[in-house]
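The values are calculated or read from the model by the stated rules, or taken from the named source; none is laboratory data. None of the values given here were measured: they were computed from a predicted structure. Quick reminder, even Gly has a Cβ in these numbers, built from the backbone with ideal geometry, and neighbours come from all protein chains shown. What goes into the accessible areas is simple: the full protein's heavy atoms, side chains included, and nothing from ligands, DNA or RNA. Shrake-Rupley method; radii C 1.70, N 1.55, O 1.52, S 1.80 Å.
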Amino acid sequence: MLFEGLELVSALATLAACLVSVTLLLAVSQQLWQLRWAATRDKSCKLPIPKGSMGFPLIGETGHWLLQGSGFQSSRREKYGNVFKTHLLGRPLIRVTGAENVRKILMGEHHLVSTEWPRSTRMLLGPNTVSNSIGDIHRNKRKVRTLSSFFRALPPLTSGSPTCLSAFQVFSKIFSHEALESYLPKIQLVIQDTLRAWSSHPEAINVYQEAQKLTFRMAIRVLLGFSIPEEDLGHLFEVYQQFVENVFSLPVDLPFSGYRRGIQARQILQKGLEKAIREKLQCTQGKDYSDALDLLIESSKEHGKEMTMQELKDGTLELIFAAYATTASASTSLIMQLLKHPTVLEKLREELRAHGILHSGGCPCEGTLRLDTLSGLRYLDCVIKEVMRLFTPISGGYRTVLQTFELDGFQIPKGWSVMYSIRDTHDTAPVFKDVNVFDPDRFSQARSEDKDGRFHYLPFGGGVRTCLGKHLAKLFLKVLAVELASTSRFELATRTFPRITLVPVLHPVDGLSVKFFGLDSNQNKILPETEAMLSATV
(Lines give C-alpha, C1' and ligand atoms only; values in the text may rest on other atoms or scores of the structure.)
Protein backbone atom coordinates (compact mmCIF):
# COMPACT_ATOMS: atom_id res chain seq x y z
CA MET A 1 0.00 0.00 0.00
CA LEU A 2 2.83 2.37 0.85
CA PHE A 3 4.55 1.79 -2.48
CA GLU A 4 1.29 2.21 -4.37
CA GLY A 5 0.74 5.53 -2.60
CA LEU A 6 4.25 6.69 -3.47
CA GLU A 7 3.74 5.70 -7.12
CA LEU A 8 0.49 7.71 -7.26
CA VAL A 9 2.19 10.75 -5.70
CA SER A 10 5.08 10.39 -8.15
CA ALA A 11 2.68 10.18 -11.13
CA LEU A 12 0.76 13.25 -9.99
CA ALA A 13 4.01 15.15 -9.44
CA THR A 14 5.19 14.21 -12.94
CA LEU A 15 1.85 15.30 -14.43
CA ALA A 16 2.00 18.60 -12.54
CA ALA A 17 5.57 19.19 -13.72
CA CYS A 18 4.52 18.53 -17.32
CA LEU A 19 1.59 20.93 -17.05
CA VAL A 20 3.82 23.64 -15.56
CA SER A 21 6.42 23.08 -18.30
CA VAL A 22 3.83 23.29 -21.06
CA THR A 23 2.30 26.40 -19.52
CA LEU A 24 5.70 28.07 -19.25
CA LEU A 25 6.58 27.05 -22.81
CA LEU A 26 3.34 28.52 -24.13
CA ALA A 27 3.83 31.70 -22.14
CA VAL A 28 7.43 32.13 -23.34
CA SER A 29 6.57 31.33 -26.97
CA GLN A 30 3.68 33.80 -26.93
CA GLN A 31 5.90 36.48 -25.42
CA LEU A 32 8.55 35.85 -28.06
CA TRP A 33 5.81 36.02 -30.71
CA GLN A 34 4.75 39.44 -29.46
CA LEU A 35 8.37 40.65 -29.36
CA ARG A 36 8.99 39.31 -32.85
CA TRP A 37 6.41 41.72 -34.30
CA ALA A 38 7.30 44.57 -31.98
CA ALA A 39 10.82 44.39 -33.44
CA THR A 40 9.46 45.16 -36.91
CA ARG A 41 8.69 48.77 -36.02
CA ASP A 42 10.43 51.37 -38.16
CA LYS A 43 13.37 52.56 -36.05
CA SER A 44 13.59 55.79 -38.03
CA CYS A 45 10.09 56.75 -36.87
CA LYS A 46 9.63 57.85 -33.25
CA LEU A 47 5.93 57.01 -33.18
CA PRO A 48 4.85 53.75 -31.50
CA ILE A 49 3.22 50.79 -33.25
CA PRO A 50 -0.55 50.66 -32.59
CA LYS A 51 -1.74 48.85 -29.49
CA GLY A 52 -3.24 45.39 -29.73
CA SER A 53 -2.49 41.69 -29.48
CA MET A 54 -0.81 39.38 -31.99
CA GLY A 55 -2.52 36.33 -30.49
CA PHE A 56 -0.85 32.93 -30.50
CA PRO A 57 2.23 31.91 -32.50
CA LEU A 58 1.52 31.27 -36.19
CA ILE A 59 -2.30 31.36 -35.96
CA GLY A 60 -2.45 34.80 -34.34
CA GLU A 61 -6.04 35.84 -33.53
CA THR A 62 -7.63 34.03 -36.49
CA GLY A 63 -9.58 31.73 -34.15
CA HIS A 64 -10.93 34.68 -32.14
CA TRP A 65 -11.92 36.43 -35.39
CA LEU A 66 -13.81 33.41 -36.71
CA LEU A 67 -15.62 32.75 -33.42
CA GLN A 68 -16.44 36.33 -32.38
CA GLY A 69 -17.59 37.65 -35.75
CA SER A 70 -18.65 41.29 -35.45
CA GLY A 71 -17.67 41.29 -31.79
CA PHE A 72 -13.99 40.90 -32.69
CA GLN A 73 -13.59 44.33 -34.27
CA SER A 74 -15.89 46.18 -31.86
CA SER A 75 -14.34 44.69 -28.70
CA ARG A 76 -10.79 45.51 -29.79
CA ARG A 77 -11.75 48.95 -31.01
CA GLU A 78 -13.23 49.70 -27.58
CA LYS A 79 -10.07 48.42 -25.90
CA TYR A 80 -7.36 49.78 -28.21
CA GLY A 81 -8.99 52.57 -30.25
CA ASN A 82 -9.71 53.11 -33.95
CA VAL A 83 -6.25 51.87 -35.00
CA PHE A 84 -5.04 48.58 -33.54
CA LYS A 85 -2.76 45.69 -34.47
CA THR A 86 -3.60 41.99 -34.71
CA HIS A 87 -2.55 38.89 -36.65
CA LEU A 88 -5.07 37.26 -39.01
CA LEU A 89 -4.88 34.60 -41.71
CA GLY A 90 -1.15 34.19 -41.36
CA ARG A 91 0.00 37.82 -41.46
CA PRO A 92 0.38 40.90 -39.23
CA LEU A 93 -2.44 43.35 -39.71
CA ILE A 94 -3.43 46.83 -38.57
CA ARG A 95 -7.18 47.45 -38.63
CA VAL A 96 -8.40 50.98 -39.11
CA THR A 97 -11.76 52.68 -38.45
CA GLY A 98 -12.93 56.25 -38.96
CA ALA A 99 -13.50 58.48 -41.98
CA GLU A 100 -10.27 60.47 -41.72
CA ASN A 101 -8.12 57.39 -41.18
CA VAL A 102 -9.82 55.57 -44.05
CA ARG A 103 -9.43 58.61 -46.27
CA LYS A 104 -5.66 58.63 -45.76
CA ILE A 105 -5.41 54.97 -46.75
CA LEU A 106 -7.66 55.19 -49.79
CA MET A 107 -6.06 58.37 -51.05
CA GLY A 108 -2.59 56.91 -50.40
CA GLU A 109 -2.92 54.25 -53.10
CA HIS A 110 0.32 53.70 -55.06
CA HIS A 111 2.58 55.74 -52.75
CA LEU A 112 1.62 54.80 -49.17
CA VAL A 113 -0.21 51.52 -49.75
CA SER A 114 -0.91 48.94 -52.42
CA THR A 115 -3.92 46.63 -52.56
CA GLU A 116 -3.36 42.99 -51.65
CA TRP A 117 -5.51 40.05 -50.59
CA PRO A 118 -4.66 37.42 -47.96
CA ARG A 119 -2.33 34.76 -49.39
CA SER A 120 -5.00 32.02 -49.37
CA THR A 121 -7.33 34.22 -51.42
CA ARG A 122 -4.65 35.09 -53.95
CA MET A 123 -3.66 31.45 -54.43
CA LEU A 124 -7.20 30.10 -54.71
CA LEU A 125 -8.43 32.74 -57.14
CA GLY A 126 -5.45 32.04 -59.40
CA PRO A 127 -2.40 33.69 -60.97
CA ASN A 128 -4.25 35.44 -63.80
CA THR A 129 -6.69 37.36 -61.64
CA VAL A 130 -6.69 40.92 -60.43
CA SER A 131 -6.56 39.86 -56.78
CA ASN A 132 -2.89 39.04 -57.19
CA SER A 133 -2.14 42.65 -58.00
CA ILE A 134 -5.03 44.80 -56.82
CA GLY A 135 -7.47 42.97 -54.54
CA ASP A 136 -10.53 43.66 -52.37
CA ILE A 137 -13.91 42.00 -53.00
CA HIS A 138 -15.62 45.24 -54.04
CA ARG A 139 -12.68 46.17 -56.30
CA ASN A 140 -12.92 42.85 -58.09
CA LYS A 141 -16.22 43.93 -59.61
CA ARG A 142 -14.34 46.71 -61.27
CA LYS A 143 -11.07 45.10 -62.28
CA VAL A 144 -11.95 41.87 -64.02
CA ARG A 145 -9.49 43.29 -66.55
CA THR A 146 -7.08 40.47 -65.71
CA LEU A 147 -9.24 38.15 -67.74
CA SER A 148 -6.80 39.15 -70.42
CA SER A 149 -3.06 38.93 -70.40
CA PHE A 150 -3.26 42.30 -72.09
CA PHE A 151 -4.32 43.76 -68.78
CA ARG A 152 -1.89 41.64 -66.79
CA ALA A 153 0.95 42.99 -68.91
CA LEU A 154 0.03 46.58 -68.17
CA PRO A 155 2.28 48.64 -65.89
CA PRO A 156 0.86 49.71 -62.50
CA LEU A 157 -2.26 51.77 -63.09
CA THR A 158 -2.16 55.38 -62.03
CA SER A 159 -4.87 57.91 -62.55
CA GLY A 160 -4.17 60.00 -65.59
CA SER A 161 -1.87 57.51 -67.34
CA PRO A 162 -2.76 56.29 -70.86
CA THR A 163 -2.86 52.71 -69.57
CA CYS A 164 -5.30 53.59 -66.82
CA LEU A 165 -7.54 55.42 -69.27
CA SER A 166 -7.51 52.46 -71.66
CA ALA A 167 -8.50 50.00 -68.91
CA PHE A 168 -11.08 52.43 -67.60
CA GLN A 169 -12.63 52.75 -71.05
CA VAL A 170 -12.96 48.96 -71.34
CA PHE A 171 -14.75 48.70 -68.03
CA SER A 172 -16.83 51.73 -68.74
CA LYS A 173 -18.24 49.65 -71.61
CA ILE A 174 -19.05 46.71 -69.38
CA PHE A 175 -20.85 48.82 -66.78
CA SER A 176 -22.08 51.59 -69.05
CA HIS A 177 -25.69 52.74 -69.21
CA GLU A 178 -26.15 50.83 -72.47
CA ALA A 179 -24.67 47.61 -71.06
CA LEU A 180 -26.79 47.81 -67.89
CA GLU A 181 -29.88 48.44 -70.02
CA SER A 182 -29.14 45.24 -71.96
CA TYR A 183 -28.55 43.23 -68.76
CA LEU A 184 -31.72 44.52 -67.08
CA PRO A 185 -34.38 42.37 -68.84
CA LYS A 186 -32.28 39.24 -68.27
CA ILE A 187 -31.73 40.05 -64.62
CA GLN A 188 -35.44 40.71 -64.16
CA LEU A 189 -36.37 37.38 -65.77
CA VAL A 190 -33.94 35.45 -63.57
CA ILE A 191 -35.35 37.13 -60.45
CA GLN A 192 -38.97 36.59 -61.52
CA ASP A 193 -38.38 32.90 -62.18
CA THR A 194 -36.65 32.56 -58.82
CA LEU A 195 -39.46 34.26 -56.89
CA ARG A 196 -42.05 32.06 -58.62
CA ALA A 197 -40.07 29.00 -57.55
CA TRP A 198 -39.84 30.31 -53.98
CA SER A 199 -43.58 31.00 -53.88
CA SER A 200 -44.53 27.57 -55.24
CA HIS A 201 -42.39 25.81 -52.64
CA PRO A 202 -44.68 24.20 -50.03
CA GLU A 203 -42.28 24.87 -47.17
CA ALA A 204 -40.29 27.86 -45.99
CA ILE A 205 -36.99 28.44 -47.78
CA ASN A 206 -33.54 29.37 -46.51
CA VAL A 207 -33.23 32.81 -48.07
CA TYR A 208 -29.44 33.08 -47.82
CA GLN A 209 -28.86 29.74 -49.53
CA GLU A 210 -31.42 30.57 -52.21
CA ALA A 211 -29.98 34.06 -52.68
CA GLN A 212 -26.59 32.46 -53.28
CA LYS A 213 -28.14 30.25 -55.97
CA LEU A 214 -29.86 33.30 -57.47
CA THR A 215 -26.73 35.43 -57.72
CA PHE A 216 -24.71 32.45 -58.98
CA ARG A 217 -27.30 31.88 -61.69
CA MET A 218 -27.26 35.58 -62.58
CA ALA A 219 -23.47 35.56 -62.93
CA ILE A 220 -23.49 32.39 -65.06
CA ARG A 221 -26.51 33.17 -67.25
CA VAL A 222 -26.41 36.97 -67.59
CA LEU A 223 -22.85 38.20 -67.06
CA LEU A 224 -21.01 35.28 -68.63
CA GLY A 225 -23.68 34.07 -71.04
CA PHE A 226 -23.07 30.38 -70.32
CA SER A 227 -25.73 27.85 -71.34
CA ILE A 228 -25.07 25.23 -68.69
CA PRO A 229 -27.80 22.57 -68.15
CA GLU A 230 -29.68 22.93 -64.88
CA GLU A 231 -28.36 19.67 -63.42
CA ASP A 232 -24.76 20.61 -64.19
CA LEU A 233 -25.38 24.13 -62.90
CA GLY A 234 -26.61 22.73 -59.58
CA HIS A 235 -23.50 20.58 -59.20
CA LEU A 236 -21.25 23.49 -60.15
CA PHE A 237 -22.97 25.65 -57.52
CA GLU A 238 -22.31 23.08 -54.76
CA VAL A 239 -18.64 22.95 -55.68
CA TYR A 240 -18.49 26.72 -55.85
CA GLN A 241 -19.91 27.01 -52.34
CA GLN A 242 -17.08 24.82 -51.04
CA PHE A 243 -14.62 27.04 -52.88
CA VAL A 244 -16.01 30.27 -51.41
CA GLU A 245 -16.16 28.86 -47.87
CA ASN A 246 -12.40 28.32 -47.97
CA VAL A 247 -11.22 31.41 -49.86
CA PHE A 248 -10.48 33.08 -46.52
CA SER A 249 -8.61 30.31 -44.71
CA LEU A 250 -5.21 29.78 -43.16
CA PRO A 251 -2.80 29.19 -46.08
CA VAL A 252 -1.74 25.78 -44.77
CA ASP A 253 -1.80 23.05 -47.43
CA LEU A 254 -2.47 19.97 -45.26
CA PRO A 255 -4.94 17.09 -45.76
CA PHE A 256 -8.46 18.03 -44.59
CA SER A 257 -7.50 21.70 -44.17
CA GLY A 258 -9.81 24.40 -45.51
CA TYR A 259 -7.10 25.55 -47.88
CA ARG A 260 -6.77 22.03 -49.37
CA ARG A 261 -10.56 21.79 -49.78
CA GLY A 262 -10.50 25.14 -51.57
CA ILE A 263 -7.78 23.90 -53.96
CA GLN A 264 -9.76 20.75 -54.75
CA ALA A 265 -12.93 22.77 -55.38
CA ARG A 266 -11.02 25.15 -57.65
CA GLN A 267 -9.76 22.25 -59.78
CA ILE A 268 -13.29 20.90 -60.28
CA LEU A 269 -14.64 24.37 -61.05
CA GLN A 270 -11.98 25.02 -63.65
CA LYS A 271 -12.94 21.84 -65.52
CA GLY A 272 -16.60 22.89 -65.59
CA LEU A 273 -15.76 26.44 -66.63
CA GLU A 274 -13.47 25.26 -69.43
CA LYS A 275 -16.28 23.17 -70.88
CA ALA A 276 -18.71 26.12 -70.69
CA ILE A 277 -16.16 28.51 -72.24
CA ARG A 278 -15.44 26.20 -75.18
CA GLU A 279 -19.16 25.77 -75.86
CA LYS A 280 -19.66 29.54 -75.68
CA LEU A 281 -16.82 30.24 -78.10
CA GLN A 282 -18.16 27.68 -80.58
CA CYS A 283 -21.77 28.92 -80.44
CA THR A 284 -21.88 32.64 -81.23
CA GLN A 285 -25.29 32.88 -82.93
CA GLY A 286 -28.66 33.66 -81.39
CA LYS A 287 -27.46 36.19 -78.80
CA ASP A 288 -29.31 39.49 -78.55
CA TYR A 289 -26.74 41.25 -76.36
CA SER A 290 -23.03 41.25 -75.49
CA ASP A 291 -22.28 40.00 -71.99
CA ALA A 292 -19.33 41.07 -69.86
CA LEU A 293 -17.17 38.18 -71.02
CA ASP A 294 -17.88 39.01 -74.68
CA LEU A 295 -16.83 42.61 -74.15
CA LEU A 296 -13.59 41.64 -72.43
CA ILE A 297 -12.67 39.13 -75.13
CA GLU A 298 -13.39 41.70 -77.83
CA SER A 299 -11.35 44.33 -76.02
CA SER A 300 -8.32 42.04 -75.73
CA LYS A 301 -8.52 41.28 -79.46
CA GLU A 302 -8.69 44.99 -80.25
CA HIS A 303 -5.37 45.36 -78.45
CA GLY A 304 -3.83 42.46 -80.37
CA LYS A 305 -3.69 39.93 -77.56
CA GLU A 306 -5.53 36.58 -77.52
CA MET A 307 -6.40 35.14 -74.13
CA THR A 308 -5.26 31.66 -73.15
CA MET A 309 -7.77 29.17 -71.80
CA GLN A 310 -6.16 29.37 -68.34
CA GLU A 311 -6.56 33.15 -68.31
CA LEU A 312 -10.19 32.76 -69.33
CA LYS A 313 -10.86 30.20 -66.59
CA ASP A 314 -9.18 32.30 -63.89
CA GLY A 315 -10.95 35.42 -65.05
CA THR A 316 -14.43 33.89 -65.20
CA LEU A 317 -13.94 32.35 -61.76
CA GLU A 318 -13.02 35.75 -60.37
CA LEU A 319 -15.96 37.43 -62.08
CA ILE A 320 -18.37 34.93 -60.52
CA PHE A 321 -16.68 35.48 -57.16
CA ALA A 322 -17.09 39.24 -57.53
CA ALA A 323 -20.79 39.02 -58.39
CA TYR A 324 -21.73 36.19 -56.05
CA ALA A 325 -21.02 36.42 -52.34
CA THR A 326 -21.50 40.13 -51.67
CA THR A 327 -24.70 40.38 -53.74
CA ALA A 328 -26.19 37.30 -52.05
CA SER A 329 -25.39 38.85 -48.67
CA ALA A 330 -26.99 42.19 -49.57
CA SER A 331 -30.05 40.44 -51.07
CA THR A 332 -30.60 38.49 -47.84
CA SER A 333 -30.22 41.65 -45.75
CA LEU A 334 -32.73 43.44 -47.99
CA ILE A 335 -35.36 40.72 -47.51
CA MET A 336 -34.73 40.60 -43.77
CA GLN A 337 -35.21 44.35 -43.39
CA LEU A 338 -38.41 44.35 -45.45
CA LEU A 339 -39.68 41.65 -43.10
CA LYS A 340 -38.65 43.60 -40.01
CA HIS A 341 -40.07 46.88 -41.27
CA PRO A 342 -43.45 46.39 -43.02
CA THR A 343 -43.98 50.17 -43.08
CA VAL A 344 -40.90 50.48 -45.30
CA LEU A 345 -42.28 47.80 -47.64
CA GLU A 346 -45.65 49.56 -47.83
CA LYS A 347 -44.01 52.93 -48.52
CA LEU A 348 -42.03 51.27 -51.30
CA ARG A 349 -45.26 49.86 -52.77
CA GLU A 350 -46.81 53.32 -52.67
CA GLU A 351 -43.89 54.65 -54.71
CA LEU A 352 -44.32 51.83 -57.23
CA ARG A 353 -48.01 52.67 -57.61
CA ALA A 354 -47.17 56.35 -58.10
CA HIS A 355 -44.83 55.41 -60.95
CA GLY A 356 -47.24 53.02 -62.64
CA ILE A 357 -45.38 49.84 -61.67
CA LEU A 358 -48.20 48.63 -59.41
CA HIS A 359 -51.95 48.91 -59.91
CA SER A 360 -53.91 50.47 -57.06
CA GLY A 361 -55.30 47.01 -56.34
CA GLY A 362 -51.85 45.70 -55.63
CA CYS A 363 -51.21 43.73 -58.81
CA PRO A 364 -48.11 44.45 -60.92
CA CYS A 365 -48.43 46.28 -64.22
CA GLU A 366 -47.29 44.56 -67.39
CA GLY A 367 -43.96 45.26 -69.05
CA THR A 368 -40.29 45.10 -68.21
CA LEU A 369 -38.42 47.65 -66.14
CA ARG A 370 -36.15 50.29 -67.63
CA LEU A 371 -33.16 52.06 -66.15
CA ASP A 372 -34.78 55.48 -66.29
CA THR A 373 -37.81 54.11 -64.41
CA LEU A 374 -35.62 52.67 -61.66
CA SER A 375 -33.63 55.91 -61.46
CA GLY A 376 -36.83 57.80 -60.69
CA LEU A 377 -37.67 55.63 -57.67
CA ARG A 378 -36.10 57.82 -54.97
CA TYR A 379 -37.36 55.92 -51.96
CA LEU A 380 -36.18 52.63 -53.44
CA ASP A 381 -32.73 54.17 -53.77
CA CYS A 382 -32.86 55.19 -50.10
CA VAL A 383 -33.81 51.65 -49.05
CA ILE A 384 -30.88 50.11 -50.95
CA LYS A 385 -28.47 52.70 -49.53
CA GLU A 386 -29.62 52.00 -45.99
CA VAL A 387 -29.26 48.24 -46.44
CA MET A 388 -25.70 48.78 -47.69
CA ARG A 389 -24.92 51.14 -44.79
CA LEU A 390 -26.18 48.98 -41.95
CA PHE A 391 -25.38 45.60 -43.50
CA THR A 392 -22.32 46.12 -45.66
CA PRO A 393 -21.48 42.63 -47.01
CA ILE A 394 -17.72 42.80 -46.36
CA SER A 395 -15.77 44.22 -43.45
CA GLY A 396 -13.33 46.28 -45.49
CA GLY A 397 -10.37 46.22 -47.83
CA TYR A 398 -6.79 44.99 -47.49
CA ARG A 399 -3.70 47.02 -48.31
CA THR A 400 0.06 46.42 -48.02
CA VAL A 401 2.12 49.30 -46.61
CA LEU A 402 4.72 50.58 -49.12
CA GLN A 403 6.35 53.07 -46.77
CA THR A 404 5.96 53.85 -43.08
CA PHE A 405 3.41 56.57 -42.39
CA GLU A 406 1.54 58.11 -39.46
CA LEU A 407 -2.07 57.36 -38.64
CA ASP A 408 -3.92 58.59 -35.57
CA GLY A 409 -0.65 59.12 -33.65
CA PHE A 410 0.84 55.70 -34.51
CA GLN A 411 3.32 54.50 -37.08
CA ILE A 412 2.07 52.08 -39.73
CA PRO A 413 5.27 50.13 -40.53
CA LYS A 414 6.40 49.32 -44.04
CA GLY A 415 5.67 45.73 -45.02
CA TRP A 416 2.69 45.29 -42.70
CA SER A 417 -0.86 44.81 -43.94
CA VAL A 418 -3.55 47.33 -43.14
CA MET A 419 -7.29 46.82 -43.40
CA TYR A 420 -9.66 49.75 -43.52
CA SER A 421 -13.01 48.90 -41.97
CA ILE A 422 -16.11 49.83 -43.94
CA ARG A 423 -18.74 48.48 -41.58
CA ASP A 424 -17.24 49.92 -38.39
CA THR A 425 -16.68 53.28 -40.07
CA HIS A 426 -20.41 53.31 -40.88
CA ASP A 427 -21.26 52.32 -37.31
CA THR A 428 -19.14 55.08 -35.76
CA ALA A 429 -19.72 57.87 -38.31
CA PRO A 430 -20.95 61.00 -36.50
CA VAL A 431 -22.94 62.13 -39.55
CA PHE A 432 -25.45 59.32 -39.08
CA LYS A 433 -28.08 59.78 -36.39
CA ASP A 434 -29.25 56.67 -34.52
CA VAL A 435 -26.75 54.52 -36.41
CA ASN A 436 -28.30 51.21 -35.31
CA VAL A 437 -31.76 52.11 -36.58
CA PHE A 438 -32.85 51.03 -40.07
CA ASP A 439 -34.03 54.37 -41.46
CA PRO A 440 -34.02 54.76 -45.28
CA ASP A 441 -35.22 58.36 -44.97
CA ARG A 442 -31.77 59.38 -43.70
CA PHE A 443 -30.77 59.33 -47.40
CA SER A 444 -33.75 61.41 -48.57
CA GLN A 445 -33.16 64.79 -50.20
CA ALA A 446 -34.45 66.49 -47.08
CA ARG A 447 -31.83 64.89 -44.80
CA SER A 448 -28.99 63.60 -47.01
CA GLU A 449 -26.90 62.42 -44.06
CA ASP A 450 -24.38 60.76 -46.37
CA LYS A 451 -23.50 64.08 -48.01
CA ASP A 452 -21.88 65.45 -44.84
CA GLY A 453 -18.65 63.48 -45.26
CA ARG A 454 -17.04 61.80 -48.25
CA PHE A 455 -15.59 58.83 -46.37
CA HIS A 456 -18.30 58.31 -43.76
CA TYR A 457 -20.30 56.20 -46.23
CA LEU A 458 -18.31 53.86 -48.48
CA PRO A 459 -20.08 50.52 -49.10
CA PHE A 460 -18.27 50.26 -52.44
CA GLY A 461 -14.93 51.61 -51.27
CA GLY A 462 -13.49 54.95 -52.32
CA GLY A 463 -10.59 56.79 -53.88
CA VAL A 464 -9.05 55.55 -57.14
CA ARG A 465 -10.27 52.01 -56.39
CA THR A 466 -13.98 52.83 -56.15
CA CYS A 467 -15.95 49.86 -57.45
CA LEU A 468 -16.98 50.37 -61.08
CA GLY A 469 -19.44 47.49 -60.72
CA LYS A 470 -21.43 49.23 -58.00
CA HIS A 471 -24.09 50.29 -60.49
CA LEU A 472 -24.65 46.67 -61.54
CA ALA A 473 -24.87 45.57 -57.88
CA LYS A 474 -27.38 48.31 -57.05
CA LEU A 475 -29.34 47.50 -60.21
CA PHE A 476 -29.71 43.87 -59.12
CA LEU A 477 -30.85 44.86 -55.63
CA LYS A 478 -33.35 47.40 -56.99
CA VAL A 479 -34.90 44.88 -59.36
CA LEU A 480 -35.13 42.34 -56.54
CA ALA A 481 -36.81 44.90 -54.27
CA VAL A 482 -39.31 45.88 -56.99
CA GLU A 483 -40.20 42.27 -57.74
CA LEU A 484 -40.52 41.44 -54.03
CA ALA A 485 -42.80 44.42 -53.43
CA SER A 486 -44.94 43.90 -56.52
CA THR A 487 -45.19 40.13 -57.01
CA SER A 488 -44.69 38.50 -53.62
CA ARG A 489 -45.91 38.35 -50.07
CA PHE A 490 -43.61 36.78 -47.52
CA GLU A 491 -43.36 36.16 -43.79
CA LEU A 492 -40.77 34.97 -41.31
CA ALA A 493 -41.11 31.24 -40.66
CA THR A 494 -39.37 31.32 -37.27
CA ARG A 495 -40.17 33.10 -34.00
CA THR A 496 -37.07 35.25 -34.04
CA PHE A 497 -34.65 36.60 -36.60
CA PRO A 498 -31.31 34.77 -36.85
CA ARG A 499 -27.94 35.93 -35.55
CA ILE A 500 -25.52 37.48 -38.01
CA THR A 501 -21.95 36.42 -38.74
CA LEU A 502 -19.38 38.29 -40.82
CA VAL A 503 -17.18 35.53 -42.29
CA PRO A 504 -16.59 35.27 -45.19
CA VAL A 505 -19.32 37.87 -45.77
CA LEU A 506 -22.18 39.13 -43.61
CA HIS A 507 -24.98 36.54 -43.49
CA PRO A 508 -27.42 34.85 -41.06
CA VAL A 509 -25.76 32.10 -39.02
CA ASP A 510 -28.45 29.49 -39.68
CA GLY A 511 -29.94 31.12 -42.73
CA LEU A 512 -33.15 33.15 -42.90
CA SER A 513 -36.26 30.95 -43.01
CA VAL A 514 -39.07 32.66 -44.93
CA LYS A 515 -42.37 31.49 -46.44
CA PHE A 516 -43.25 33.12 -49.76
CA PHE A 517 -46.75 33.55 -51.21
CA GLY A 518 -46.56 34.65 -54.82
CA LEU A 519 -48.53 36.69 -57.29
CA ASP A 520 -48.26 35.87 -60.99
CA SER A 521 -46.73 39.01 -62.55
CA ASN A 522 -47.95 38.03 -66.04
CA GLN A 523 -51.59 37.25 -65.23
CA ASN A 524 -51.97 39.83 -62.46
CA LYS A 525 -53.56 37.29 -60.14
CA ILE A 526 -52.65 35.02 -57.29
CA LEU A 527 -51.15 31.71 -58.35
CA PRO A 528 -53.64 28.84 -57.76
CA GLU A 529 -51.20 26.79 -55.71
CA THR A 530 -50.69 29.66 -53.26
CA GLU A 531 -54.24 31.08 -53.13
CA ALA A 532 -55.32 29.08 -50.08
CA MET A 533 -52.11 29.80 -48.17
CA LEU A 534 -52.30 33.49 -49.00
CA SER A 535 -55.93 33.74 -47.83
CA ALA A 536 -54.89 32.31 -44.49
CA THR A 537 -52.36 35.08 -43.97
CA VAL A 538 -54.57 38.05 -44.86
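Data overview
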| item | result |
| --- | --- |
| Proximal lysines relative to K451, as straight alpha-carbon distance under 16 Å, when same-chain residues fewer than 8 apart are discounted | K385, K433 |
| Partner aspartates and glutamates for K51 [C-alpha distance under 12 Å; skip if fewer than 8 residues away on the same chain] | E78, D408 |
| Estimated dipole of region 2-123 in Debye, rounded to 20 [Cβ of Lys and Arg +1, of Asp and Glu -1, Cα centre] | 760 |
| Accessible area of H341 in the full protein assembly, 1.4 Å probe (Å², nearest 10) | 50 |
| Filter on K340/K515; K173/K301; K275/K305; K43/K79 - keep pairs with C-alpha separation over 19 Å | K275/K305; K43/K79 |
